[in-house]
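I have a structure here, written as structure tokens, and I will follow up with some questions on it.
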Amino acid sequence: MRHIIDLSDLKMEEFNELYKLTSNIIDRPEGYTDACRGKVLGSLFYEPSTRTNLSFSTAMKRLGGSVIGFSNPSASSTTKGETLDDTITMVSNYADMIVMRHPSEGAAKAASFFSEVPVINAGDGGHLHPTQTLTDMTTILRLRGSADNMKIGICGDLKYGRTVHSLIHFLANYKNVQFYLIAPRQLAIPEYLRQFMRSHKMKFYEVSGLEPVLPMLDVLYMTRIQKERFADIAVYESLKGIYCLTKAKLRDAKKDLLIMHPLPRVDEISKDVDDDPRAVYFDQARFGMYARMALLLTLSKQPRFRMPKNIPGRPNLRCTNPKCITRTETYLPMETHRTPEGERCIYCEQPVEYRKRKVVVEWE
């Protein structure tokens, strides 16, 4: 467990140990007040955040450690043109761990190439959000006991929802999970995730209506329509408010349903749902702090590791994703990993294309 870029990178044995530690901290938090004394967390938030930023800061301080960094890139040397690799190299000189949120997809993966200390992905564009998945899994396991044999409805922005992408990835580790993917056509899950689910033989149904599937669900995971992800504001305006969970709609839902949300919410869950015992989204946020305490404590024991200066790559590759970190940090080495669907960018999992190059043949 060197870096946390995607929670699915963990072996299940590692995750189970992490969950066991999280449960111990929840049950006996006073036993961990000095566990990270003398350790420093570098917190780099290039995008606005309330819960994730405060959760990590609180988690580190509850462990007895300290926090440095920024919550606004305009207060950093990024405004002067400093590259990501230089920022990460410098901060890893000062801190024992780095947590980073960035608007470009694959940024955390890129950061891990240049850091001497563990890097934690706190959200990279619309790609992944592994510590939210750690939060989500803690909530499901703590309140339901298991994620096996579960029918889960995921509703809202499934196209740009990085929390959704991470959760689907990780639930591939469990048995007989059925997904009801509730979204308008414009916000349906990306094709690479469909291919991922098919290749892992995961059962999923794509639907546009919430109420017809609500009675059969064990977990309902609501998400907001993310205004900041839309290039065309008119498209956002046409979709906002398309889903709203109300107390009346829960009439036929299961008595032990878990209603979850990564937060913040806008209008997708009515206030009258908050008092329903099935609404666990505020408990979910609290569990997230304890899960991050367990993660920080585990990673704080990692030794420093000096990264090689020259990382090999293939110069003829180009990621097709315009939001990929390789589009702005052009010095990054390009490489792919193979999937059943073909070669994918190692940073953002989107397809790559081969640039045409002139071939010069020299004859003797």
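The values are calculated or read from the model by the stated rules, or taken from the named source; none is laboratory data. Here the structure is a predicted model, which means the values were calculated and not measured. FYI the Cβ positions are ideal-geometry reconstructions off the backbone, even for glycines, and counts take in every protein chain you see. For accessibility, only protein heavy atoms count, side chains too; no ligands or nucleic acids. Shrake-Rupley method; radii C 1.70, N 1.55, O 1.52, S 1.80 Å.
Say we look at the stretch 176-207 and pick out the residues that are of a type in the set (Ser, Thr, Tyr) and either farther than 16 Å from ASN149 by Cα or surrounded by fewer than 16 Cβ atoms within 10 Å (Cβ to Cβ) (or both); which of these is nearest to the chain's Cα centre (by Cα)?
TYR192
Can you tell me which residue among TYR46, TYR32 is surrounded by 15 or more Cβ atoms within 10 Å (Cβ to Cβ), closer than 24 Å to SER71 by Cβ and aromatic (Phe, Trp, Tyr)?
Values: TYR32 fails: closer than 24 Å to SER71 by Cβ.
Answer to the check: TYR46.
What are the pairs, 6+ residues apart or on separate chains, where a residue within the stretch 32-44 that is within 17 Å of LEU54 (Cα to Cα) has its Cβ under 8 Å from a residue that is open to solvent by 50 Å² or more (accessible area, probe 1.4 Å) and among the hydrophobic types (A, V, I, L, M, F, W, C)?
What qualifies is VAL40/ILE68; LEU41/ILE68; GLY42/ILE68; SER43/ILE68.
Please go through the stretch 55-103 and pick out each residue that is open to solvent by 40 Å² or more (accessible area, probe 1.4 Å) and basic (Lys, Arg).
If the condition is that a residue be open to solvent by 40 Å² or more (accessible area, probe 1.4 Å) and basic (Lys, Arg), then LYS61, ARG62, LYS80 are the ones that fit.
Right, something else. Does GLU268 satisfy being within 22 Å of ASP157 (Cα to Cα) and either of a type in the set (Asp, Glu) or surrounded by fewer than 11 Cβ atoms within 10 Å (Cβ to Cβ) (or both)?
Against the criterion (within 22 Å of ASP157 (Cα to Cα) and either of a type in the set (Asp, Glu) or surrounded by fewer than 11 Cβ atoms within 10 Å (Cβ to Cβ) (or both)), GLU268 qualifies.
Output the number of the condition that ASP157 fails; it satisfies all remaining conditions of (1) open to solvent by less than 30 Å² (accessible area, probe 1.4 Å); (2) out of contact with any helix residue (DSSP H, G or I) (no Cβ under 7 Å at 6 or more places or on another chain); (3) among the acidic types (Asp, Glu).
(2)
Go through the stretch 190-208 and count every residue that is within 12 Å of CYS155 (Cβ to Cβ) and of a type in the set (A, V, I, L, M, F, W, C).
1
Take the conditions surrounded by 14 or more Cβ atoms within 10 Å (Cβ to Cβ), at pLDDT 90 or above and over 20 Å from THR83 (Cα atoms) and apply them to CYS324. Does it pass?
So CYS324 fails the test.
Return the residues of the stretch 288-306 that are open to solvent by less than 50 Å² (accessible area, probe 1.4 Å) and either in contact with a His (Cβ under 8 Å, 6 or more places away or on another chain) or over 16 Å from TYR221 (Cα atoms) (or both); say none if nothing qualifies.
Our first condition is that a residue be open to solvent by less than 50 Å² (accessible area, probe 1.4 Å); within the stretch 288-306, this holds for 288-300.
Scanning the stretch 288-306 gives MET289, TYR290, ALA291, ARG292, MET293, ALA294, LEU295, LEU296, LEU297, THR298, LEU299, SER300.
Could you grab me the full set of residues in the stretch 104-144 that are open to solvent by less than 10 Å² (accessible area, probe 1.4 Å), acidic (Asp, Glu) and closer than 15 Å to CYS324 by Cβ?
ASP124, the sole residue that qualifies.
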